[in-house]
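Asker: My questions will all concern the structure given below.
The values are calculated or read from the model by the stated rules, or taken from the named source; none is laboratory data. It should be emphasised that the depicted structure is a prediction, and the values quoted were computed from it without experimental measurement. Glycine also receives a Cβ, built like all others from the backbone with ideal geometry; neighbour counts cover every protein chain displayed. Please note that ligands, DNA and RNA were not included when accessible areas were found on the heavy atoms of the full protein model with its side chains. Shrake-Rupley method; radii C 1.70, N 1.55, O 1.52, S 1.80 Å.
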Amino acid sequence: MWSTWWTTAASRVCGSGRSRPTRRQIAAPDYVQYQALTFSPDGNYIYSVKYDGSNTVSQLFRIAIHGNSQRKLIDDVDSGVTFSPDGRQIAFLRGYASRAEDARMVANADGTEARVLTARKRPEFFRRTDFFYFSRPSWSPDGKTIACAAGSHRESYMNVVEVELNGGQQRAVTSRRWFSVGQVTWLKDKSGIVITAKESAFSPSQIWFIARSGAVRRITKDTLDYTDVSTTDNSETLATIQTERLSSIWVAPHGDFGQAAEVSAAGRYNEGVAWTPNGRIVYASRASGTWHIWIMNRDGSDQQQLTFDGYLNRFPTVSRDGRHIVFVSDREGGAQNIWRMDTDGRNPLRLTDDGMARFPHCSPDNWVVYTSYGSGKVTLWKVPLSGGNALQLTDKLASWPVVSPDGRLVACTYREESYAPFEIAVISVEGGTTLKRFKVSPSVSLPDLIRWTADGKALTFIETRDGISNIRGLFVDDGALFQLTDFRSDQIFYFDWSSDGKWLACSRGTTTKEVVLISNFR
């Protein structure tokens, strides 16, 4: 992914008395990812975690606002940084995969004298390693503690803890638990902590306030995502980034988007699209207010809602004989499991019971391969389409499985170790042996879905450069890459090939991010 960073400042328009924004490039374009940006207290630098794909660890860089220069400070930095009140020190997270340990680190602001403040041994952790969700700790205004996200894989939760600078003792600031916690921010008047957090794997990231007493109140109450919270000096106003995805479903013969047709109205169709053997399209939509599974003809006609129970019904896939739709649902008490129903929506049957099942895909011999988070580690499992006991397929970190047309292989996203880069892997259905692994560029949307070509010779996936997505492929024999689409705008979120390979359907649209100010939030 070609990335470059710019600063925006207000410059006075001569004679007008008004200001207009100006931009200045502070880092040259490069084939890297910059993440978790933090301004230094004096405003002269941006601290950023940088990953270029050639290293197995991320690196912390300090980029000068003036002068177009940058300097690497520290290797192996796995979160954004926070500054001490005097600006002399930083704190961050480092994961030690070989020791199965997360360490909360402190260093000088120039990167020297990095030391471990406190650590957590697995299954306890400071950050989920199965999500691209850069957390950021927060130094308390009095300089005595650091507030940060923490959790347990054993019970699959996250909360917020305070770590003392003198001794490294940890204390939960509230009894409230979430599925994941991202950024943690102290209010500058010391009255409490603001966080971004998700109540479940598929719920939106919302903003919460934790009072010094431990009482918790939700600030935002909608279906959008919120990240990167900061506060004004008087702690009266929050600034955050609000994210919304809008997309529609497109269909193209042989993947030729010169002949593509938009077959659905724009909306939030972002959680799966799949073909039936007879050429209909199954998809997830929020057209009725909550996430449900729908079906329509290839030209967009005869749209029918198939599910009506639960809040989340997503990630549909279709059995190879076309008789069943398999999907993820929370219709029993909020736990998200794999379900099966007839293609007309009748006769629903729950196939899993671990409450943390995702991304199903059907094999020709009537098994459903899926991702499970139930053990605290992201692995692949399979369960009979007719119901029965689930079997573990892999013990490595793997997700988004897709079964080959002949049923012998599974392609998936894969990590050799917790903090290793994602790869595309091909494993055997029998035994789960890893047969091939393919490194991919940072511009490939991993972890994300993969699809086999109809002949089983290649894998196709989404690649996003400069905010524009296209579908690329690689041949399984030699890993050679090839391009399939040539979009000049928008992003692709989900896609699927018809069983004969003659049609491509994709959910395609835009991701909008806006800076939002929130006041009177306490």
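Asker: Hey, got the Cα dimensions of segment 122-212 along the principal axes, in Å, largest first?
Answerer: The principal-axis extents, from largest down, are 35, 27, 23 Å.
Asker: A further question on this structure: Could you put 490, 344 in order of accessible surface area, largest first, with the 1.4 Å probe and the full protein assembly present?
Answerer: Working: 490 55, 344 85 Å².
In descending accessible area the options line up as 344, 490.
Asker: Something else about it: Pulled fully out, how much extra length does the chain show between residue 224 and residue 144, if you take 0.36 nm times their separation in residues and subtract their Cα-Cα distance?
Answerer: The span from residue 224 to residue 144 would gain 25.4 nm if fully extended.
Asker: Quick check on segment 434-522: what does the Kirkwood estimate of hydrodynamic radius come out to from the alpha carbon pairs, in Å?
Answerer: Working: mean 1/r = 0.0673 Å⁻¹.
Averaging 1/r across every pair of different Cα atoms and inverting gives 14.9 Å.
Asker: Efficiency by 1/(1 + (r/R0)^6): what FRET value for residue 254 and residue 288, r their Cβ-Cβ distance, R0 = 41 Å, to the nearest 0.05?
Answerer: On the way: r = 33 Å, r/R0 = 0.80.
Taking R0 as 41 Å, the efficiency between residue 254 and residue 288 is 0.80.
Asker: Stretched out fully, how many nm does the piece from residue 157 to residue 169 gain, at 0.36 nm a residue minus the Cα gap?
Answerer: On the way: separation 12, 0.36 × 12 = 4.32 nm, distance 2.02 nm.
That pair, residue 157 and residue 169, stretches by 2.3 nm at full extension.
Asker: With a point put 7 Å past each Cα toward its Cβ, work out how far residue 516 is from residue 502 in nm, to one decimal.
Answerer: Each label point is offset 7 Å from its Cα along the Cβ direction, giving 4.6 nm.
Asker: Another question, then. In nm, to one decimal, how far is the modelled label at residue 389 from the one at residue 347, with both set 7 Å along Cα→Cβ?
Answerer: For the pair residue 389/residue 347, the computed spacing is 2.5 nm.
Asker: Another question, then. Let me check against my output: what whole-number percent is the relative contact order of segment 263-392, with C-alpha pairs under 8 Å and at least 6 apart? All intermediate terms of the calculation are to be shown ahead of the outcome.
Answerer: Details: 324 pairs, mean separation 19.1, N = 130.
Across segment 263-392, relative contact order equals 15 percent.
Asker: Rg to Rh ratio, the chain, alpha-carbon atoms and Kirkwood radius? Display every interim value, and only then the final one.
Answerer: On the way: Rg = 23.7 Å, Rh = 24.4 Å.
Value, to two decimals: 0.97.
Asker: Between residue 97 and residue 430, what FRET efficiency comes out of the Förster formula 1/(1 + (r/R0)^6) with R0 = 22 Å and r the beta carbon distance, rounded to 0.05? It would help to have the intermediate numbers written out before the result.
Answerer: Working: r = 29 Å, r/R0 = 1.30.
So the FRET efficiency works out to roughly 0.15.
Asker: Using alpha-carbon pairs under 8 Å, 6+ residues apart, how would you state the relative contact order of segment 280-342 in percent? Show your work: numbers first, answer last.
Answerer: Details: 127 pairs, mean separation 14.6, N = 63.
Over segment 280-342, the number comes to 23 percent.
Asker: Same structure again: By the scheme Lys and Arg +1, Asp and Glu -1, what is the net charge of all other residues having a beta-carbon under 12 Å from that of residue 217? Please list the in-between numbers first.
Answerer: Numbers: positive: 176, 218, 221, 522; negative: none.
Around residue 217, the charge tally is +4.
Asker: Using 1/(1 + (r/R0)^6) with R0 = 25 angstrom and r between the beta carbons of residue 232 and residue 35, what's the FRET efficiency to the nearest 0.05?
Answerer: Numbers: r = 25 Å, r/R0 = 0.99.
For R0 = 25 Å, the calculated efficiency reads 0.50.
Asker: What is the Cα centroid distance between segment 274-332 and segment 84-127, reported in whole angstrom?
Answerer: 44
Asker: Now for a separate question. Suppose accessible area is computed on protein heavy atoms with a 1.4 Å probe; arrange 98, 404, 386 from highest to lowest.
Answerer: Largest accessible area first, the residues go 98, 386, 404.
Asker: Placing unit charges on C-beta atoms (Lys and Arg positive, Asp and Glu negative, everything else neutral), compute the dipole magnitude of segment 269-367 about its Cα centre in debye, rounded to 20. Show your work: numbers first, answer last.
Answerer: Details: 11 positive and 12 negative charges, 28 e Å.
About 140 debye.
Asker: Still on this structure, I have one more. With only Lys, Arg, Asp and Glu charged, each at its Cβ (+1 for the first two, -1 for the last two), find how big the charge dipole of the chain is about the Cα centre; round to the nearest 20 debye.
Answerer: Approximately 1100 debye in magnitude.
Asker: Could I ask something else about it? Karplus couplings for segment 115-123 from phi (6.51 cos²θ - 1.76 cosθ + 1.60, θ = phi - 60°), rounded to Hz, Gly and Pro as x?
Answerer: 9, 7, 8, 7, 9, 10, 8, 4, x
Asker: Here is a follow-up. Once you order the gyration tensor axes a ≥ b ≥ c over the Cα atoms, which shape class does segment 235-382 get: rounded for a/c under 1.5, otherwise prolate or oblate by comparing a/b with b/c? Working shown, then result.
Answerer: Working: a/c = 1.64, a/b = 1.03, b/c = 1.59.
Oblate.
Asker: Could you work out the local net charge near residue 238, counting Lys and Arg as +1, Asp and Glu as -1, over the other residues with Cβ closer than 11 Å to its Cβ?
Answerer: Taking every Cβ under 11 Å from that of residue 238, the sum is -1.
Asker: Another question about this same structure. So in segment 369-435, what percent of DSSP beta bridges are antiparallel if you round to the nearest 5? Spell out each step's value before the answer.
Answerer: Values: 18 of 18 bridges.
Roughly 100 percent of the DSSP beta bridges within segment 369-435 come out antiparallel.
Asker: So what's the net charge close to residue 409: Lys and Arg +1, Asp and Glu -1, counting the other residues with Cβ under 14 Å from its Cβ? Before the final figure, lay out the partial values.
Answerer: Details: positive: 382, 408, 436, 437, 451, 457; negative: 365, 406, 430, 455, 477.
In short, +1.
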